[in-house]
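Heads up, the thing below is written out as structure tokens.
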Amino acid sequence: MRGRLGRVVAGVVLAAVAVGGVGGWSAGEGQAAAVGLPGSWAESAFGVRLPEPGVTPPAGVAAFFAGLRPGQGELLAAEYPLVAGNLDGAPVELRYRANRLALTLEAAKERARAADTRLSAGTRAEARARAERYASLADRQVLVFDPRGRGLLAEVYGELAPGRPTAVLVPGADIDLMSYDRTSSPYGAPAGMARALREATADRIPVIAWAGYTTPTGLSLDVATTGLAEAGATRLTSLLDGLDAPTTLYCHSYGSVVCGHAALRPGRTTAVVALGSPGMGLRHAADLPVPLWATARDPEDWIGEVPNVHLLGLGHGADPTAPTFGARVVTSTGARGHSGYFAPGTASLANFAAIALGTPVTCTPTSKECRDAQH
């Protein structure tokens, strides 16, 4: 018994090593999850009490802004861009404007650091790269911008509108503000996924590429534990509560652990799609309060080598593609490896678009749950 237990624990530790290889086989450190917003503001303005960032729920934030007189919201965004730009429940267009200003201001700060000869060459190079990154984002529809640490970012592709079905992409390990739209392995990064899904739906579905939580990095045990996922789930839940639209979540790799821990509300979230998942922290699809779709694993996807166990706080449990799990499993023909499910021309991307649009999907032969869902 002891030997078997040791093998299982070793398998879970190997799972940590495997999942940590998302961005390359380099050693990683444990990450501290981002907490709250990257700024604060006064207790009151215009004679009324302001919402408390990170405390007032999105519905309360929305009610506050709805009660302001014309121009007052813009004044708050101009004075406190890092708060207004990241406040779930605030008007979307106001958040875009606030984040444009925040990105411009932070880019100027980084350029100043890059020119400071008192700093090391490495620090100056990092500052220069951040300045270029911030400047490149300033004219885009940025819904989240947090420059602290590795940085958080969310971008909207298309136009959000009340009641309009919306897709939200939740990425896995080694994703942050700097790698959000990397050109290497682009369909494993939020921006590449979003562009592909938007095009596959013929631009009918707005897509939010959400790198809005602190992801694990490298070969750290973070990838085999739920700490960062639980913190990310809280931030994801807040995002969803602030959207006045039914959403479908697409959860890649460690991002599926985040989705499995989120407090999802039926009707507000219409479905969850798991792909390249190491497990979601669920025993069965029915543990999720909304329909769960899973993507057939490509044989070249290394996530298949990850043991689907949960023991001593390590591992993420059952495989969502297993027949006994009860998810609706769709095909992924043409996908290659762990980061190929959103590649154009794949059956997986076609199925992702069909789920977003509410049109028929292609089920795997053994998925009765998938076939039943189409009748």
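Hey, could you check the stretch 168-206 for residues that are of a type in the set (A, V, I, L, M) and assigned to a loop (DSSP other than H, G, I, E, B) and say which is surrounded by the fewest Cβ atoms within 10 Å (Cβ to Cβ)?
Taking the candidates together, the pick is Ala202.
With (1) crowded, with 21+ Cβ neighbours inside 10 Å; (2) more than 18 Å from Tyr250 (Cα to Cα) as the list, and Thr321 as the residue in question, which single condition is left unmet?
(2)
Give the stretch 175-229 a look and list any residue that's touching a Leu at 6+ places or on another chain (Cβ under 9 Å) and basic (Lys, Arg), or say none.
Residue satisfying the conditions is Arg204 alone.
Can you tell which of Ala98, Ala77, Ala63 is aliphatic (A, V, I, L, M), modelled with pLDDT of 95 or more, assigned to a helix (DSSP H, G or I) and closer than 15 Å to Asp244 by Cβ?
After ruling out the rest, the residue left standing is Ala63.
Only one of Ala161, Ala209 is more than 17 Å from the chain's Cα centre (by Cα) and either touching a residue at least 60 places away in the same chain (Cβ under 8 Å) or not in a helix (DSSP H, G or I) (or both); which?
Answer to the check: Ala161.
If you go through the stretch 356-375, how many residues are assigned to a helix (DSSP H, G or I) and open to solvent by less than 20 Å² (accessible area, probe 1.4 Å)?
First, pick out the residues of the stretch 356-375 that are assigned to a helix (DSSP H, G or I): 356-357, 368-373.
Applying the additional criterion that residues be open to solvent by less than 20 Å² (accessible area, probe 1.4 Å) yields 356, 370.
Residues meeting the conditions: 2.
With the requirement that a residue be open to solvent by 20 Å² or more (accessible area, probe 1.4 Å) and either aliphatic (A, V, I, L, M) or touching a residue at least 24 places away in the same chain (Cβ under 8 Å) (or both), what does the stretch 73-105 give you?
Result: Leu75, Ala78, Glu79, Tyr80, Leu82, Asp88, Pro91, Val92, Arg100, Leu101, Thr104, Leu105.
Determine which single condition Ser220 fails, assuming it passes every other condition in (1) under 18 Å from His252 (Cα atoms); (2) open to solvent by less than 30 Å² (accessible area, probe 1.4 Å); (3) of a type outside the set (Lys, Arg).
(1)
How many residues are open to solvent by 50 Å² or more (accessible area, probe 1.4 Å) and in a loop (DSSP other than H, G, I, E, B) when one looks only at the stretch 292-308?
The qualifying residues number 4.
Of all residues in the stretch 227-252, count the ones that are buried (at least 21 other Cβ atoms within 10 Å of the Cβ) and assigned to a loop (DSSP other than H, G, I, E, B).
Result for the stretch 227-252: 1.
Output the number of residues of the stretch 106-127 satisfying the condition of being free of Cβ contacts under 8 Å to residues at least 40 places away in the same chain and in a helix (DSSP H, G or I).
The total comes to 15.
Take the stretch 81-95 and flag every residue that is closer than 16 Å to Ser40 by Cα and either assigned to a helix (DSSP H, G or I) or over 20 Å from the mean Cα position of the chain (by Cα) (or both).
Pro81, Leu82, Val83, Ala84, Arg95
Can you tell me how many residues in the stretch 317-355 are part of a loop (DSSP other than H, G, I, E, B), farther than 15 Å from Pro299 by Cα and either of a type in the set (A, V, I, L, M, F, W, C) or in contact with a Cys (Cβ under 8 Å, 6 or more places away or on another chain) (or both)?
Count: 4.
Any residue in the stretch 128-157 that's hydroxyl-bearing (Ser, Thr, Tyr): show its pairings with residues that are assigned to a strand (DSSP E or B) at Cβ separation under 8 Å, as long as the two are six or more apart or on different chains.
Tyr157/Val207; Tyr157/Ile208; Tyr157/Ala209
Please list, ordered by first then second residue, the pairs with beta carbon atoms under 6 Å, 6 or more apart or interchain, first in the stretch 292-304 and farther than 12 Å from Ser256 by Cα, second at pLDDT below 95.
Arg297/Gly304
Of all residues in the stretch 123-161, which are crowded, with 19+ Cβ neighbours inside 10 Å, in contact with a helix residue (DSSP H, G or I) (Cβ under 7 Å, 6 or more places away or on another chain) and more than 26 Å from Leu240 (Cβ to Cβ)?
Ala127, Arg130, Ala131, Tyr134
Go over the candidates Gly255, Gly279, Gly267, Gly326 one by one and state the one that is open to solvent by 10 Å² or more (accessible area, probe 1.4 Å) and either free of Cβ contacts under 8 Å to residues at least 40 places away in the same chain or under 25 Å from Gly212 (Cβ atoms) (or both).
Gly267
Taking into account only those residues within the stretch 49-61 that are among the aliphatic types (A, V, I, L, M) and surrounded by 11 or more Cβ atoms within 10 Å (Cβ to Cβ), which is nearest to Gly85 (Cα to Cα)?
Only one residue tops the list, namely Val61.
The values are calculated or read from the model by the stated rules, or taken from the named source; none is laboratory data. Because the structure is predicted, anything quoted here is derived from the model rather than measured. Here the Cβ is made from the backbone with ideal geometry for all residues, glycine too, and neighbour counts use every protein chain on show. Note: areas computed on protein heavy atoms with side chains; ligands, DNA, RNA excluded. Shrake-Rupley method; radii C 1.70, N 1.55, O 1.52, S 1.80 Å.
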